[in-house]
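Structure record follows, encoded as structure tokens.
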Amino acid sequence: MCLGIPVEVVKINDEETALIELTGVQKEINIQLVPQVKIGDWVILHAGFAIEIIDEKEAEKTLDSFRELMEASKSATKKKN
């Protein structure tokens with residue numbers, strides 16, 4: 001299974017790369033698959049590549065789901081101990 005994570009584009013470096021941010025962490029990624037991306041856009045990041053532009057509402061919905069999974073995982077781990 002592959003996992004793509006929504007991230008926000010904060011800077012376009014050149015035609016090939018951009019700087020993204022998620023929860024305060026910034027990383028340079030490849031944007032060649034989404035050449036129309038702009039600062040402020042949300043993209044799905046997979047293996048260092050932006051593979052799709054999504055709207056902010058969908059990004060937040062997906063990130064909320066990830067947060068819920070993390071909390072459920074933490075709860076399950078605590079119950080085992």
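Filtering the range 1-32 down to residues that are without any contact (Cβ under 8 Å) to a residue 60 or more places away in the chain and touching a His at 6+ places or on another chain (Cβ under 9 Å), which residue is nearest to ILE54 (Cα to Cα)?
Let us first name the residues in the range 1-32 that are without any contact (Cβ under 8 Å) to a residue 60 or more places away in the chain, namely 1-4, 6-32.
Imposing the further condition that a residue be touching a His at 6+ places or on another chain (Cβ under 9 Å) reduces the set to 2-4.
Numbers: CYS2: 18, LEU3: 15, GLY4: 12 Å.
In this case the residue turns out to be GLY4.
Can you tell me which residues in the range 23-48 are assigned to a strand (DSSP E or B) and crowded, with 16+ Cβ neighbours inside 10 Å?
Initially, the range 23-48 is screened for residues assigned to a strand (DSSP E or B), giving 25-30, 42-46.
Residues satisfying the conditions are ILE29, TRP42, VAL43, ILE44, LEU45.
Which residue, of GLU15, GLU60, GLU71, is of a type in the set (Asp, Glu), exposed (fewer than 12 other Cβ atoms within 10 Å of the Cβ) and modelled with pLDDT under 95? Spell out the reasoning first.
Values: GLU15 fails: modelled with pLDDT under 95; GLU60 fails: exposed (fewer than 12 other Cβ atoms within 10 Å of the Cβ).
Selected residue: GLU71, the only one of GLU15, GLU60, GLU71 that is of a type in the set (Asp, Glu), exposed (fewer than 12 other Cβ atoms within 10 Å of the Cβ) and modelled with pLDDT under 95.
Which residues, counting only those in the range 1-22, are more than 18 Å from ARG67 (Cα to Cα), part of a loop (DSSP other than H, G, I, E, B) and among the aliphatic types (A, V, I, L, M)?
MET1
The values are calculated or read from the model by the stated rules, or taken from the named source; none is laboratory data. Since the structure is predicted, the reported quantities are computational estimates derived from the model, not experimental observations. As a convention, Cβ positions derive from the backbone with ideal geometry for all residues, glycine included, and neighbour counts pool all protein chains shown.
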